[in-house]
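Structure, as structure tokens:
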Amino acid sequence: MDKVKAAQTLVEEALVQSQSPCFTCSFQAEDVAVLHLLLKAKPDIPVLFLDTGYHFPEVYAYRDALQRRLGFRLVNLTPTLSREEQEARYGRLYETDPHRCCQIRKVEPLFQALEGYDTWFTGLRREQSPTRAHLQPLEEALLPSGHRLRKVSPLYDWTLKEVFAYLAVQDLPYLPLYEQGYFSIGCAPCTAKPLDPKDPRSGRWAGKGKLECGIHLHGKEG
């Protein structure tokens, strides 16, 4: 069985066992591939986007264009504080305390939303980072509240080359930032081009000793 069939089978089997699935989507290439696989099996699945207020303009434009094309059920998750309110209260946390910034703008809104679901699909891949090297296709996520979800990563063993090949076959556009040399794309202030060509996430939170924002519960940062 090739990787596309294996991923599709994993998606379908997980959906059969789920009462309330969701998918977190940053609109990076692997997420769009998973989104496409999910929409084939469950067109109404909630697609959760963490709208931190700090994304590149290209991300918002691409998200909206893809939503118009594919017609998925987009759910924008926003923090309690707006970007302006947070900066007025705490200053530029992404510079002074990126862990706290991620906690406020990503972790808290997502974990609150996940309370309503029993299955969480992701676009995580082992190749993305050393913290994801032992990623399994099926895992359990335990939220701080004690709520447990099945966490499904259909592309866990895919390479970025295979992801882009899938998008090409399916005639799906990809985020234009890839053409500018970005390969792991998060909030604009915390995203740079990779410092290490072998590590796509080495441009994230550059110089801060940080590889994860905290929403994926694995390793030391989970």
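Here the contact order of the chain, divided by its residue count and restricted to Cα pairs under 8 Å and six or more residues apart, works out to 23 percent. Full extension of the chain segment joining Glu115 with Ala41 gains 24.4 nm, where the gain is 0.36 nm per residue of separation less the Cα-Cα distance. Helix content alone sets the calculated 222 nm mean residue ellipticity of the chain: runs of n ≥ 4 DSSP H residues at -39500 (n - 2.57) each, divided across all residues, give -9500 deg cm²/dmol. Of the accessible area of the chain, computed with a 1.4 Å probe over protein heavy atoms only, carbon and sulfur atoms account for 51 percent. Per residue, the accessible area of the stretch 1-190 comes to 47 Å² when a 1.4 Å probe rolls over the protein heavy atoms. Reducing the stretch 1-75 and the stretch 165-185 to their Cα centroids gives an inter-centroid distance of 15 Å.
Classify the chain as rounded, prolate or oblate, taking a ≥ b ≥ c as the square roots of the eigenvalues of its Cα gyration tensor: rounded when a/c is under 1.5, otherwise prolate if a/b is larger than b/c and oblate if not. Here the chain falls in the rounded category. In this label model, Gln170 and Lys3 are separated by 1.4 nm, measuring between points 7 Å along each Cα→Cβ vector. Farthest toward the positive end of the dipole of the chain, out of Cys25, Ala113, Leu93, is the Cα of Leu93, where the dipole comes from beta carbon charges about the Cα centre. If you take the beta carbon distance between Leu138 and Ala61 as r and set R0 to 30 Å, what does 1/(1 + (r/R0)^6) give as a FRET efficiency, to the nearest 0.05? Efficiency, rounded to the nearest 0.05: 0.30. Treating r as the C-beta distance of Val16 and Thr80 and R0 as 41 Å, the FRET efficiency rounds to 0.70.
Per the Kirkwood formula applied to alpha carbons, the stretch 9-93 shows a radius of gyration over Rh ratio, Rg over Rh, of 1.06.
The values are calculated or read from the model by the stated rules, or taken from the named source; none is laboratory data. Note that this is a predicted model, so its numbers are computed, not measured. So basically every Cβ, Gly included, is an ideal-geometry build from the backbone, and we count neighbours across all protein chains shown. Only protein heavy atoms, including side chains, enter the accessible area calculation; ligands, DNA and RNA are left aside. Shrake-Rupley method; radii C 1.70, N 1.55, O 1.52, S 1.80 Å.
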